[in-house]
Amino acid sequence: VQLQASGGGLVQAGGSLRLSCSVSGATFNIGTVGWFRQAPGKEREPVASIPWRGGIGHYVDSLKERFTISRDNAKNTVTLQMNSLKPEDTAVYYCAGGSRRRVGVMPSSAVDYWGQGTQVTVSS
């Protein structure tokens with residue numbers, strides 16, 4: 001399984017970005033796809049996740065009003081729409097896959113496949 005994140009960049013506070021995760025390879029091994037982020041000097045933390053075959057997205061409470069995760073199985077992609085961005089959202093964002101279907105936000109410990117990160121920088 002390979003996961004490829006894209007869509008990061010530089011945006012002003014209050015702006016929006018749309019991240020995309022392309023999933024390829026043995027996608028039948030995927031149960032859940034999630035987004036994580038790691039800010040400078042901080043640990044990697046979960047952002048949101050969604051079951052790979054049906055089901056709704058789940059979010060970290062502090063982000064659910066501004067972020068939306070969605071899935072397009074026909075295109076093998078998972079998208080993270082980020083609105084009303086704040087400087088504290090600055091981080092490297094990673095998409096990842098877990099082999100088990102999960103209810104709730106997927107923790108790092110459940111990840112079996114990591115993609116490379118994409119940098120998101122929010123200027124004040």
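The values are calculated or read from the model by the stated rules, or taken from the named source; none is laboratory data. Here the structure is a predicted model, which is why all the values come from computation and not from measurement. A quick note on method: Cβ atoms are made from the backbone with ideal geometry, for glycine too, and the neighbour counts reach across all protein chains shown. The accessibility values were calculated without ligands, DNA or RNA, using every heavy atom of the protein model including side chains. Shrake-Rupley method; radii C 1.70, N 1.55, O 1.52, S 1.80 Å.
Summary of computed values
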{"read-out": "Pairs with Cβ under 7 Å, 6+ apart, first in region 106-124 and more than 21 Å from S22 (Cβ to Cβ), second open to solvent by less than 40 Å² (accessible area, probe 1.4 Å) and in a loop (DSSP other than H, G, I, E, B)", "value": "T121/T90; V122/L85; V122/T90"}
{"read-out": "Condition check for E45: open to solvent by 50 Å² or more (accessible area, probe 1.4 Å) and either modelled with pLDDT under 95 or under 23 Å from Q4 (Cβ atoms) (or both)", "value": "yes"}
{"read-out": "Flag for N73 being closer than 20 Å to S22 by Cα and surrounded by fewer than 14 Cβ atoms within 10 Å (Cβ to Cβ)", "value": "yes"}
{"read-out": "Those residues of region 1-36 which are crowded, with 22+ Cβ neighbours inside 10 Å and not hydrophobic (A, V, I, L, M, F, W, C), in sequence order", "value": "T32, G34"}
